[in-house]
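Some notes on the structure that comes next.
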Amino acid sequence: MDKFLITGGRPLEGQVAISGAKNAALPEMAAALLTNQGVILHNVPRVRDISTLRSLMEELGVDSSVTHEEHGNRVEIEARQLLNPLAPYELVKQMRASVLVLGPLVARFGHARVSLPGGCAIGARPVNLHLKGLEQLGATIKIEHGYIHAQSDGLKGTNFSFDVISVTGTENLMMAATLAEGETLLENAAREPEVQDLANLLNKMGAQIEGAGTGEIRIRGVSRLHGTEHSIIPDRIEAATFLVAAAITGGRLSVAWVEPTHLTAVMGKLAEAGVRIDKVAKPVGSLETRAILTAEGPTRLRAADVTTQEFPGFPTDMQAQYMALMTQAEGASVITETIFENRFLHALELARMGADIAVNGRRAVVHGRTPLSGAKTLASDLRASASLVLAGLAAEGETLIDRVYHIDRGYERIEEKLTRVGAKIRRVSGN
Ligand code: UD1
């Protein structure tokens, strides 16, 4: 298993280009199952979750081809037929987002067998709302031998209100409803930019979706969708992670190809902590369609409390990285996690590096600033690993992070991007 070896204490300087959003690319690849024509996606990030979904598509009998482009990959998917409606446990356990094939498969082919995702390091993460919504759209759902069996003779539009806001739940039902007969209204829907980007793709495919990006999404079903071409939005979590990397090392980074409107909550919090963030009005080079943000770490970071919330609030996917930053801020900060019930595993690892963090249920209190010192650490999940990388960059001495396959799931070659801006980080292969 690969590890990262980081020698900390070097301020980062330079420019980093952000990749396409993994959490938009995943549902958008699944959306290609809704048509028998080719769907071409650009800016697909080169991360492991994407390879996992491609393997899953292969299991279904759907081929995809990948070409390297200057910015990410171009992925073409043509789901002419379905050879096998099965998403096996072996793949779903690697990536819970595999459940995103459920809605499209039932809507287009009328049947699907998708393994139920098991528990997860950060919380129970049930998919009950995905299932309840599909049932309300007219599918018959049975759970047998750990698998979801879904069947339908044709979905019918409905009004469905989410008890809890769910990102992939909204995406699954929105995709399914595109081919349902009549109109569907999704209430208390997720407003994340990735949901909006998916709706943009689906509309290009001929769907009739209004309101994506708000809590109420209206979908008028159509009888068929067609192929199209689409460029995926920048990854706001990767961008935010690099903004924190500049801040925690007291460096100055330009983070290119970002969408600032997706980062409002994070930028606000970083500003409160004393980080200077400027938007470069005229982006340069070939990435000109998006903005560049420069972040400059202050000599003294200030503690600032944060509570994770659904978009447009502060993302839970940035909580771990923000906690690493707060270990270097003067004063006490209270970090409240409202989305997942067990998302503080990184706190224990950060404590091993010298952080002073008290966790009580969904609340963590960080007392800073405590110097960090390099240590052997263990990554527990994707974003927790990113927080350990950030802590390692700020720590004195060497940090060894084990199980970096977690970080490879969602960050494209993070060690290469960091090396280019002055970090001393290398991948160590083997056991
Ligand atoms: C997505 C993101 C993930 C992010 C999360 C929250 C993808 C591929 N992943 O995950 O990176 O951390 O949103 O922003 O986009 N819930 C239920 N029943 C359900 C579904 C969800 O109770 O049927 C609960 C979950 O347990 C959790 C909360 O709703 O407490 C939010 O989860 P959800 O938005 O569904 O997360 P994901 O879509 O899995």
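The values are calculated or read from the model by the stated rules, or taken from the named source; none is laboratory data. Being a predicted model, the structure only gives us computed values, none of them experimental. No Cβ is skipped: glycine too gets one built from the backbone with ideal geometry, and neighbour counts run over all protein chains shown.
Odds and ends about this structure:
- Some residue of the range 110-131 being more than 23 Å from the chain's Cα centre (by Cα) and within 13 Å of the ligand (Cβ to nearest atom): no
- On the stretch given as the range 334-348, residues that are among the hydrophobic types (A, V, I, L, M, F, W, C) and either closer than 14 Å to residue 303 by Cα or part of a helix (DSSP H, G or I) (or both) total 5.
- Residue match in the range 218-235 (condition: within 15 Å of the ligand (Cβ to nearest atom) and within 17 Å of residue 155 (Cβ to Cβ)): no
- Taken as a whole, the condition of being surrounded by fewer than 18 Cβ atoms within 10 Å (Cβ to Cβ) and in contact (Cβ under 8 Å) with a residue 40 or more places away in the chain does not apply to residue 35.
- Looking only at residues in the range 137-161 that are outside any strand (DSSP E or B) and farther than 20 Å from residue 182 by Cβ, the one that is farthest from the chain's Cα centre (by Cα) is 145.
- None of 410, 392, 422 is in a loop (DSSP other than H, G, I, E, B) and away from the ligand (no atom under 16 Å from the Cβ) except 422.
- Of the strands (runs of 3 or more DSSP E) lying entirely inside the range 29-118, those containing at least 2 residues that are modelled with pLDDT under 95 and over 22 Å from residue 180 (Cα atoms) span 63-68.
- Any hit, the range 168-181, residues being more than 26 Å from the chain's Cα centre (by Cα) and either in a strand (DSSP E or B) or basic (Lys, Arg) (or both): yes
- Every residue from the range 362-380 that is more than 23 Å from residue 305 (Cα to Cα) and touching a residue at least 60 places away in the same chain (Cβ under 8 Å): 374, 380
- Subset of the range 87-109 [of a type in the set (Phe, Trp, Tyr) and either in contact with a strand residue (DSSP E or B) (Cβ under 8 Å, 6 or more places away or on another chain) or within 15 Å of the ligand (Cβ to nearest atom) (or both)]: 89
- Taken over the range 3-62, residues that are among the polar types (S, T, N, Q) and under 21 Å from the mean Cα position of the chain (by Cα) amount to 6.
- Qualifying residue in the range 239-252 (condition: more than 16 Å from the ligand (Cβ to nearest atom), of a type in the set (D, E, K, R) and over 28 Å from residue 386 (Cβ atoms)): no
- The set of residues in the range 203-213 being buried (at least 21 other Cβ atoms within 10 Å of the Cβ) and within 16 Å of the ligand (Cβ to nearest atom) consists of 212 alone.
- Filter result for residue 265 (more than 24 Å from residue 409 (Cβ to Cβ) and modelled with pLDDT of 95 or more): no
- For residue 1, the conditions (1) under 19 Å from residue 388 (Cβ atoms); (2) outside any loop (DSSP other than H, G, I, E, B); (3) among the aliphatic types (A, V, I, L, M) all hold with the exception of (2).
- Just so you know, in the range 309-333 the residues that are touching a His at 6+ places or on another chain (Cβ under 7 Å) and either small (Gly, Ala, Ser) or outside any helix (DSSP H, G or I) (or both) include one that is farthest from the ligand (Cβ to nearest atom), and it is 332.
- Identity of the residue in the range 32-54, basic (Lys, Arg) and farther than 16 Å from residue 233 by Cα, that ends up farthest from the ligand (Cβ to nearest atom): 54
- Of all residues in the range 181-199, those that are more than 16 Å from the ligand (Cβ to nearest atom) and either touching a helix residue (DSSP H, G or I) at 6+ places or on another chain (Cβ under 7 Å) or within 20 Å of residue 230 (Cβ to Cβ) (or both) total 1.
- Matching residues in the range 349-382 - criterion: being at pLDDT 95 or above and assigned to a helix (DSSP H, G or I): 349, 350, 351, 352
- Scanning the range 142-180 for residues that are within 15 Å of the ligand (Cβ to nearest atom), β-branched (Val, Ile, Thr) and either crowded, with 18+ Cβ neighbours inside 10 Å or under 20 Å from residue 223 (Cα atoms) (or both) returns 148, 165, 167, 168, 170.
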